[in-house]
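Here the structure comes first, spelled out in structure tokens, and everything after it is commentary.
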């Protein structure tokens with residue numbers, strides 16, 4: 001269920017989101033089926049590129065696993081499992097990533113475009129996933145049995161907005177995201193770190209990564225890149241698509257609340273936090 005009480009910003013720094021489901025491998029699925037599915041999508045999705053397949057990942061909560069991301073076995077039955085396709089729409093602001101075992105849907109911020117919000121993107125994901133399931137059914141390839149839900153938000157915080165130099169990195173976050181700007185005679189020029197949180201009670205995990213980088217063009221400003229990924233298991237029960245829906249909603253809610261809690265009031269003011277009247 002979507003929450004109505006999440007933090008909101010007029011100008012959120014999010015530049016990409018991903019909604020996804022990982023499913024058990026389909027034994028009859030071949031690389032040719034990826035091309036056939038692309039053709040089925042029609043003229044709205046004209047752009048196709050190949051990419052290496054993503055390895056399976058599972059969030060486990062057994063004693064000893066702790067927060068470690070567990071990669072699945074490297075299955076090497078032929079070469080069909082090593083391919084992922086990225087399918088972009090004509091406006092280049094949406095992307096599908098499909099492989100045997102994964103179905104992901106990206107919103108891509110282009111030229112400073114505003115995030116259309118989860119209530120818009122989520123039904124788009126649902127519709128395309130239904131189309132993929134219909135394709136699998138028509139081709140007699142089986143029903144994709146989901147085993148993990150996943151949500152990712154990527155945020156760019158450029159230099160010249162809520163920070164101007166390394167001395168101010170600590171003012172962007174509430175947490176101790178950086179080490180001291182001086183260490184002996186050395187001066188801090190870059191940073192990177194990861195934090196991992198359990199979503200209780202054993203519903204999933206939130207992975208937070210903060211990096212210092214730059215846009216692909218060297219002429220662009222330096223950035224603080226904040227990537228939040230929430231991922232959790234889909235259990236073998238009768239809930240089916242309801243479990244995936246609830247997982248995606250949980251992931252989105254967890255990410256939005258976490259980003260607000262991790263960032264400073266100074267940053268919230270710059271992004272135009274919306275305070276709903278009571």
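The values are calculated or read from the model by the stated rules, or taken from the named source; none is laboratory data. Just so it is clear, the structure is predicted and the values come from calculations on it, not from any experiment. Don't worry about glycine lacking a Cβ; one is built from the backbone with ideal geometry, like all the others, and counts go over all protein chains shown.
Would you say residue 145 is touching a strand residue (DSSP E or B) at 6+ places or on another chain (Cβ under 6 Å), farther than 24 Å from residue 255 by Cβ and either free of Cβ contacts under 8 Å to residues at least 12 places away in the same chain or surrounded by fewer than 17 Cβ atoms within 10 Å (Cβ to Cβ) (or both)? Spell out the reasoning first.
Details: touching a strand residue (DSSP E or B) at 6+ places or on another chain (Cβ under 6 Å): yes; farther than 24 Å from residue 255 by Cβ: yes; either free of Cβ contacts under 8 Å to residues at least 12 places away in the same chain or surrounded by fewer than 17 Cβ atoms within 10 Å (Cβ to Cβ) (or both): yes.
So residue 145 fits the description; yes.
Take the conditions at pLDDT 95 or above and under 22 Å from residue 149 (Cβ atoms) and apply them to residue 250. Does it pass? Taking the combined requirement at face value, the residue satisfies it.
Of all residues in the range 76-99, at least one satisfies being under 20 Å from residue 31 (Cβ atoms), touching a strand residue (DSSP E or B) at 6+ places or on another chain (Cβ under 7 Å) and at pLDDT below 95. Within the range 100-118, if we keep just the residues that are more than 16 Å from the chain's Cα centre (by Cα) and at pLDDT 95 or above, the residue that is farthest from residue 252 (Cα to Cα) turns out to be 100. For the criterion of being at pLDDT below 95 and either under 29 Å from residue 113 (Cβ atoms) or exposed (fewer than 12 other Cβ atoms within 10 Å of the Cβ) (or both), residue 151 fails. If only residues of the range 100-111 that are farther than 17 Å from residue 36 by Cα and either touching a residue at least 12 places away in the same chain (Cβ under 8 Å) or touching a strand residue (DSSP E or B) at 6+ places or on another chain (Cβ under 7 Å) (or both) are counted, the one that is surrounded by the fewest Cβ atoms within 10 Å (Cβ to Cβ) is 110.
Among the candidates 36, 51, which residue alone is modelled with pLDDT of 95 or more, surrounded by fewer than 17 Cβ atoms within 10 Å (Cβ to Cβ) and not in a helix (DSSP H, G or I)? Checking each option against the conditions leaves just 51. Just checking, does the range 256-272 include any residue being surrounded by 12 or more Cβ atoms within 10 Å (Cβ to Cβ), at pLDDT below 90, out of contact with any helix residue (DSSP H, G or I) (no Cβ under 8 Å at 6 or more places or on another chain) and in a strand (DSSP E or B)? Within the range 256-272, not a single residue is surrounded by 12 or more Cβ atoms within 10 Å (Cβ to Cβ), at pLDDT below 90, out of contact with any helix residue (DSSP H, G or I) (no Cβ under 8 Å at 6 or more places or on another chain) and in a strand (DSSP E or B).
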